[in-house]
1. Given the criterion touching a Phe, Trp or Tyr at 6+ places or on another chain (Cβ under 7 Å), modelled with pLDDT under 85 and among the aliphatic types (A, V, I, L, M), identify the matching residue among Leu83, Leu75.
2. Inside region 20-42, can you point out the residues that are polar (S, T, N, Q) and modelled with pLDDT of 85 or more?
3. Select from region 32-51 the residues that are of a type outside the set (A, V, I, L, M) and in contact with an Asp or Glu (Cβ under 7 Å, 6 or more places away or on another chain) and list them in ascending order.
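The values are calculated or read from the model by the stated rules, or taken from the named source; none is laboratory data. None of the values given here were measured: they were computed from a predicted structure. Neighbour counts run over all protein chains shown; Cβ positions are idealised from the backbone, glycine included.
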Amino acid sequence: MRLHPQLTARHVVSGIVSDDVIDVSGEPDMFETLAACDALITDYSAAMFDASFMRVPVFLFVYDLKEYIAERGQLMWENLKGLPFTVAENDDELLDVIENFDMNKYAYELERLFNDVELFEDGHAAERAINIIEEIIKHNAIRSNM
């Protein structure tokens, strides 16, 4: 379990004491936490997309969707059901979507989303950036020696 970083920054604690739940709210790197997860249950957090890049199954638990929209306005994705993540509005629905999760369908829907938004994520972005920087440095070194 991880509280929103703004809550953690205000020293809000979950209060959960359980042998089955680990509170990782204080962990600074969400990606390390996601790497240790078999699945993510979240509400409206952008963490859903972070998890999807890592191909972690995402379940949206939006029990307060109407209230959330009334207080904060429309979500970036107006139709949550158009995303590849399963949507549950109560505990029974959440249990059902978890029990009936299909990883193959999820992977297919993720690729569809990534293609639709023209996402190119292959895990080599830093390597490409370094190569570009090295080429610029090399080019500038050659020019300065002329």
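1. Leu75
2. Thr33, Thr42
3. Correct list: Thr33 only.
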